[in-house]
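A short worksheet on the structure shown next.
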Amino acid sequence: MRSVDEVIRVSEVHPYIPNSDREIRRRMLDDIGLKSIDELFNDIPTALRSKAALPIMSKLSEMETRRYVEGLLSKNQSTCDILSFLGAGVWPHHVPAAIDAIIGRGEFLTSYTPYQPEISQGMLQSMFEYQSLICDLTAMDYANSSLYDWSTALGEAARMASRATGRDEFVVPHFIHPERLQTLKTFCDPADIRIVEVSQDRGTGYIDQSELRQKLSNRTAGVYLESPSFLGFVEASCDDIAHLTHDRGALFVVGCEPISLGALKPPGELGADIVVGEGQPLGNHMNFGGPLLGIFACKGQGLLRQMPGRIIGRTTTQDGKQDAYCMALQTREQHIRRGKATSNICTNEALLALAAAMYLSLLGPAGITELSATILDRTNYAIEQIRKLRGVKAPVFNAFHFMEFTVNFDDSGKKVPEINEALLAAGIQGGLDLSNYFPELGQTALYCFTEVHRHRDIDMLADELRVILEG
């Protein structure tokens, strides 16, 4: 007769796997010098440890698992369920079906950033095409094969400007995305780069050039400008700011939303040395806020070697008969001495960059121009309809706006949170509440309008706002 312990030990052994879970645990504990799993948690006071049983379900079939997960997901609402006018860094855009079909192929969906270039010619070519298209769009000389998002691209740009100039100050506008600013600080603080803020005109939103002139010094590594800005207005004096920056020996860094370049002058024609931006609008879904796609490009041979991330190049096979692709530059810590590395970024957003390359290829220059015109039509129509509402100022700034603009409700007697709550009850997601970010703007929200919004959608928003404001 076998003992109970023997029966348990035999029952725990898988018929085809010799080591039981108990045996594996015992060996792991022996290796780290512990007698029980409980000892792993000795550093946590007993009073803080939960004694409740974890809600871990028993084994589920595929069908049961699917039903359970779908039940959890049904608690969420997406832009398929409600009408959303929220942008502020992640924007609702149409994604052509061809893009999802192609990036869903196994060759792309499961491939990681290649470390052996000769093995991954298809992916390398797609990244080369992405870089080329970004250069065409921004009028810059070089682009890398993507970074994580706009925020991290800005952080890399500040550090790149500091390396290239040997200076330690980076100038930013007052009206910058607050989360983007926090990421910038995270990048700059360890490198002892000081962030200097410059004011913007309360009437137009434009950079105060007299203050900029005062704050520029021989310590200024770069000046950063967003156009369109975080609040949607387009800076009218980019050329003048570029001249001021270059006269002081600093680099001009421009942040942009890429689809706007179908209607606006590209940064390369405005004197930009470095361009950063967010590639999510280029054929990528909102994905509940990420992953995103960081655009990074520069101009001039002198800056090429300072670029972070990877740059894919085109060459030929040894017999010269076919094109071949390789990693031409990857100056990160794993590849060269840390002191000479330009970044420690360990990967890129290859799949999203592929989607962006496909999107730009599908639309072409004429398509991007037409799309920009459509977005401008929606933006201007929304301004016309919302500014008719009593107690509302739209937009707050007297400037040209693209895709986004600010709406102030101070004279209505209503606060943005209560307006947004009432809109949500009507199946509409309102604009971003700016009162915590920029208190000087009062009860102001940032609204977004793209090609997915029809005129009747905008009419619905205006009608609901009228009901809320008059109620």
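So the values come out like this:
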quantity: Net charge of Cβ neighbours under 14 Å - reference Glu169; Lys, Arg +1; Asp, Glu -1; calculated: +4
quantity: Rounded to whole Hz, the Karplus (6.51, -1.76, 1.60) HN-Hα couplings of region 121-136, x for glycine and proline; calculated: 4, x, 5, 5, 5, 5, 6, 4, 5, 4, 4, 5, 5, 5, 5, 4
quantity: Cβ-defined net charge surrounding Gly300, 11 Å radius [Lys, Arg +1; Asp, Glu -1]; calculated: 0
quantity: Debye log10 I(q)/I(0) for region 59-114, one point scatterer per Cα, at q = 0.22 Å⁻¹; calculated: -0.99
quantity: Sites matching chymotrypsin sites (Phe, Trp or Tyr not before Pro) across region 72-163 that sit in DSSP coil, with at most 10 neighbouring C-beta atoms within 10 Å; calculated: Tyr112
quantity: Under the Debye formula (equal points on every Cα, no solvent term), log10 I(q)/I(0) of region 32-128 at q = 0.10, 0.16 Å⁻¹; calculated: -0.75, -1.00
quantity: Largest-first ellipsoid semi-axes for region 361-405, taking √(5λ) over the Cα gyration tensor eigenvalues, angstrom; calculated: 28, 10, 6
quantity: Flagged links, alpha-carbon separation over 21 Å, of Lys388/Lys414; Lys185/Lys393; Lys393/Lys415; calculated: Lys185/Lys393
quantity: Reachable lysines, given that their alpha-carbon falls under 24 Å from the alpha-carbon of Lys35 and they are not under 8 places away in the same chain; calculated: Lys51
quantity: Separation of the Glu440 and Asp239 label points, Cα + 7 Å toward Cβ, nm; calculated: 2.9
quantity: Calculated on alpha-carbon atoms, Rg and Dmax of region 97-361 in Å; calculated: 18.4, 63
quantity: Pairwise Cα inverse-distance average, inverted: Kirkwood Rh of region 333-471 (Å); calculated: 17.6
quantity: Normalised convex hull volume, region 140-263, alpha-carbon set, Å³ per residue; calculated: 113
quantity: Per-residue [θ]222 nm for the chain (sum of -39500 (n - 2.57) over DSSP H runs n ≥ 4, rounded to 500); calculated: -11500 deg cm²/dmol
quantity: Rounded if a/c under 1.5, otherwise prolate or oblate - region 262-312, Cα gyration tensor axes; calculated: oblate
quantity: Where only alpha carbons of the chain are counted, the Rg and the Dmax (Å); calculated: 26.8, 94
quantity: Table column - 3J(HN,Hα) (Hz), region 378-395, Karplus curve with 6.51, -1.76, 1.60, x for Gly and Pro; calculated: 5, 4, 5, 5, 5, 4, 4, 6, 6, 5, 6, 6, 6, x, 10, 10, 8, x
quantity: Dimensions (Å) - region 193-306, Cα atoms, principal axes, largest first; calculated: 42, 40, 28
quantity: For region 273-406, convex hull of alpha carbons as volume per residue, Å³; calculated: 193
quantity: 20 Å Cα-Cα reach of Lys299 towards lysines, excluding residues that sit fewer than 8 places from it in its own chain; calculated: Lys265
quantity: Hz values of 3J(HN,Hα) by residue in region 164-177 - Karplus curve (6.51, -1.76, 1.60), Gly and Pro given as x; calculated: 5, 9, x, 10, 10, 10, 9, 8, 10, x, 5, 8, 10, 3
quantity: If the convex hull is drawn through the Cα atoms of region 246-332, its volume per residue in Å³; calculated: 170
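Every number in this text was worked out from the coordinates using simple rules, so none of it is lab data. Please read these numbers as outputs of a predicted model, since none were measured by experiment. Neighbour counts run over all protein chains shown; Cβ positions are idealised from the backbone, glycine included.
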